[in-house]
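Each reported figure results from applying straightforward, stated rules to the coordinates on display, with no laboratory input. Small disclaimer: the values here were computed from a predicted structure and weren't measured. Because the Cβ atoms are built from the backbone with ideal geometry, glycine has one as well, and the counts that use them run over all protein chains shown.
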Amino acid sequence: MSGFKNFLFRGNLIEVAVAFIMAAAFATVVTTFVAWVTNQLPKGVDNIFSNEENSFGAFMNALIAFVIMGAIVYFVIVVPYTRAKERFFPAEASGPTEIDLLTEIRDSLAHRA
């Protein structure tokens, strides 16, 4: 069971899943936006885009659905995952910062000279 827990919380499985969900929702937004823009072209330009449906309404619907889905994914998946990850795998004590190391190097070089 600990191996499965490590698989879930140590890897990027949740991050990749969230990215996939959000990318699929954003693809719908882009598709409906393109349909709306192409329907605004004059009919004489190209007859390929002669879709007569309300594409602006579809775009707004996709945009609102994207925002709602983002909120749900954040509060249902990301927040609990972050809390569980912090609980099961607390952050390890970090060593000195880059500034501390650079200060030590500077002091060491100053003593040599």
Exercise for review: Report, in degrees rounded to the nearest 10, the 0 to 90 angle that the Cα long axis of helix 79-88 makes with the longest principal axis of the chain.
Suggested key: 20 degrees
Practice item. Rounded, prolate or oblate: pick one for the chain, where a ≥ b ≥ c are the square roots of the eigenvalues of its C-alpha gyration tensor, a/c under 1.5 means rounded, and failing that, prolate if a/b is larger than b/c, else oblate. Key: oblate
Review point. How far apart, in nm, are the 7 Å Cα→Cβ label points at Ser108 and Met22?
Key: 4.0 nm
Check your understanding: Do the sum for the chain: with -39,500 (n - 2.57) for every DSSP H run of n ≥ 4, divided by all residues, what is the mean residue ellipticity at 222 nm, to the nearest 500 deg cm²/dmol?
Key -> -23500 deg cm²/dmol
